[in-house]
Amino acid sequence: MRTLLVSIFGLFGILLTGVGMNQAVSADIFPYDYEVRTLDNGLKYFVIPMESPGLVSYFSVVRTGSRDEYEPGHSGFAHLFEHMMFRGTKNFPGEVYDRMVTQIGADGNAYTTDDYTLYYMTFSASDLEKVVHLESDRFQNLEYSEAEFQTETGAVYGEYRKGRTNPWSVLYEEIYDMAYDEHTYQHTTIGFEEDIKAMPTMYDYSLSFFNRYYKPENVVLMVVGDVSPEQVSPLVKTYYGEWESGYEKPKIKDEPPQQEPRSTEVDYSGRTLPIIDIAYKGPAFPENVKEMAAISLFGEMAFGENSTLYKQLVLQEQKVQFVAPSFDNNRDPGLLHIFSMVKDEEDVEYVREQILATVNTYRETFVDESELTELKSRQKYQFLLDLDTPSNVAHNLARFVALTGGVQIVNEYYSALERVTPRDILEVVNTYFVETNRNELVLKGAQQ
């Protein structure tokens, strides 16, 4: 077993001291001591003790999402396994698993994204071993019949059809399909409709998918709350130690550079106000950590609730319900969205022009240094304020852990954010928020 004990003291500027090996990291923001260990089979787990009397959160991060669905005709399987994993094993069939979780009063669920799938549970610390046993068992011994598989694929298709009644689901499906030609980000997490409809015939493929991606090298555990490494480590070694490695890396194609702007208009069959989505392809994370920090700051300054554009469109002119950025970190270059919901269809073009004019302003003008400093402080302290419970800590770490396999990236990200200058923001706007990188979608409802 390879062991790395990491301790982080204080919020800012205090050196990190390790046991087993020493690291010197300054300006750390993550406020909790933690320990990370890796079993011989490649399973990594983090133990993060914190003040939460009797409460523990147990998160299993599978570093596979819809991004990994690179084989044509097989989109949607990462999300499907979010369902299949509750089918149970010989030791704990699905109904037994559900009953045991209910009996211990645990609060748990799962979700799937483009880059990862997350299974989580919060429960009493006295039930730690029971939860480690339950979770380890289904990751190693999941078992389902072809009939059960077909039942679940039917449920997923029902979920897809239900999603088509939501304008946001329609919007996401259309803009990603338009923006990508080669990369698997072309399909949303739930997958292409034709692939979902064909799923019931792909029982053998589902077994292959599980056996390639649900492997210890591709999973990271986070155990947060009223626990210690001394309590967790023997349990993880006992219940996960025999899990066989064998992860196979997906063969994902790079997306070629976009050569010209793309746009489309979508007619939504339901009732909704018009929605504008102007999305630019961004950098990969964590390779471009400082650029993503600069992009995050730009998003809030240009389109956040304190921005000039927000005050103009939402408060003064009252032409839109909202305008907002959505700039998530992604493992490969993802989309950086600027959304707005317009009150009157006749104002769609005006709002679009205002958004593009705002981008152009930031392309030509340095942001105010004092405003930038205040925003950095707000982002850092908002992150810290959200680390108040074991569940919130683990949820806030999940994407960082999924994209990098570690927690240290949190300190690296906020350290990079601290170093962002007005010139850095001007440079990322001129690099990524350019016409040839732009994808625009306007969705209009059937009845206005």
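This table checks each residue for (1) assigned to a helix (DSSP H, G or I); (2) within 16 Å of TYR58 (Cα to Cα).
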residue	(1), (2)
LYS90	no, no
ALA110	no, yes
SER169	yes, no
ASP181	no, no
ASP195	yes, no
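Checking each residue in the range 228-251 for being touching a Phe, Trp or Tyr at 6+ places or on another chain (Cβ under 9 Å) and open to solvent by 40 Å² or more (accessible area, probe 1.4 Å) picks out TYR247, GLU248, LYS251.
Looking only at residues in the range 265-291 that are open to solvent by 20 Å² or more (accessible area, probe 1.4 Å) and polar (S, T, N, Q), the one that is farthest from VAL410 (Cα to Cα) is SER269. Residues in the range 303-330 that are open to solvent by 50 Å² or more (accessible area, probe 1.4 Å) and either of a type outside the set (Asp, Glu) or not in a loop (DSSP other than H, G, I, E, B) (or both): ASN306, THR308, LYS311, LEU315, GLN316, GLN318, LYS319, GLN321, PHE322.
The residue that is nearest to PRO283 (Cα to Cα), among those in the range 337-376 that are without any contact (Cβ under 8 Å) to a residue 40 or more places away in the chain and open to solvent by less than 50 Å² (accessible area, probe 1.4 Å), is ALA357.
When LEU118, LEU134 are checked against the criterion of being touching a residue at least 24 places away in the same chain (Cβ under 8 Å), at negative phi, touching a His at 6+ places or on another chain (Cβ under 9 Å) and not aromatic (Phe, Trp, Tyr), LEU118 stands alone in meeting it.
Of the numbered conditions (1) under 21 Å from GLU242 (Cβ atoms); (2) more than 15 Å from the chain's Cα centre (by Cα), SER60 fails exactly one; give the number of that condition. Tallying (1) under 21 Å from GLU242 (Cβ atoms); (2) more than 15 Å from the chain's Cα centre (by Cα), SER60 fails exactly one: (2).
Taking the range 158-217, which residues are within 30 Å of GLU242 (Cα to Cα) and open to solvent by 10 Å² or more (accessible area, probe 1.4 Å)?
Kept after step one, since they are within 30 Å of GLU242 (Cα to Cα), are these residues of the range 158-217: 202-217.
MET202, TYR203, ASP204, TYR205, LEU207, SER208, PHE210, ASN211, ARG212, LYS215, GLU217 - these are the residues of the range 158-217 that are within 30 Å of GLU242 (Cα to Cα) and open to solvent by 10 Å² or more (accessible area, probe 1.4 Å).
Please pick out the residue among TYR144, TYR176 that is in a helix (DSSP H, G or I), of a type in the set (Phe, Trp, Tyr) and in contact with a helix residue (DSSP H, G or I) (Cβ under 8 Å, 6 or more places away or on another chain). Talk me through it step by step, then tell me what you get.
Details: TYR144 fails: in a helix (DSSP H, G or I).
The conditions single out TYR176.
Remark: pairs (first residue in the range 213-227, more than 15 Å from MET85 (Cβ to Cβ) and touching a residue at least 40 places away in the same chain (Cβ under 8 Å); second residue among the polar types (S, T, N, Q) and open to solvent by 10 Å² or more (accessible area, probe 1.4 Å); Cβ separation under 6 Å; 6+ apart in sequence or on different chains) = PRO216/ASN41; PRO216/SER245; GLU217/SER245; GLY225/SER52; ASP226/SER52. Scanning the range 228-267 for residues that are of a type in the set (Val, Ile, Thr) and in a loop (DSSP other than H, G, I, E, B) yields a count of 1.
State the number of residues belonging to the range 80-93 that are under 27 Å from the mean Cα position of the chain (by Cα) and open to solvent by 10 Å² or more (accessible area, probe 1.4 Å). Don't jump to the end; show me each part of the working.
In the first step, residues of the range 80-93 are kept if they are under 27 Å from the mean Cα position of the chain (by Cα); the result is 80-88.
Narrowing the set further to residues that are open to solvent by 10 Å² or more (accessible area, probe 1.4 Å) leaves 82-83, 86-87.
Count: 4.
Can you confirm whether SER126 is open to solvent by less than 10 Å² (accessible area, probe 1.4 Å), under 27 Å from TYR34 (Cα atoms) and polar (S, T, N, Q)? No; evaluated as a whole, the condition is false for this residue.
Residue-wise test of (1) farther than 30 Å from GLU173 by Cβ; (2) surrounded by fewer than 18 Cβ atoms within 10 Å (Cβ to Cβ).
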| residue | (1), (2) |
| --- | --- |
| GLY65 | no, no |
| TYR70 | no, yes |
| GLY76 | no, no |
| GLU95 | yes, yes |
| ARG99 | yes, yes |
| GLY105 | yes, yes |
| ALA110 | no, yes |
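The values are calculated or read from the model by the stated rules, or taken from the named source; none is laboratory data. None of the values given here were measured: they were computed from a predicted structure. Backbone-built Cβ (ideal geometry, glycine too); neighbour counts: all protein chains shown. Accessible surface is based on the protein model in full, side chains and every heavy atom, while ligands, DNA and RNA are left aside. Shrake-Rupley method; radii C 1.70, N 1.55, O 1.52, S 1.80 Å.
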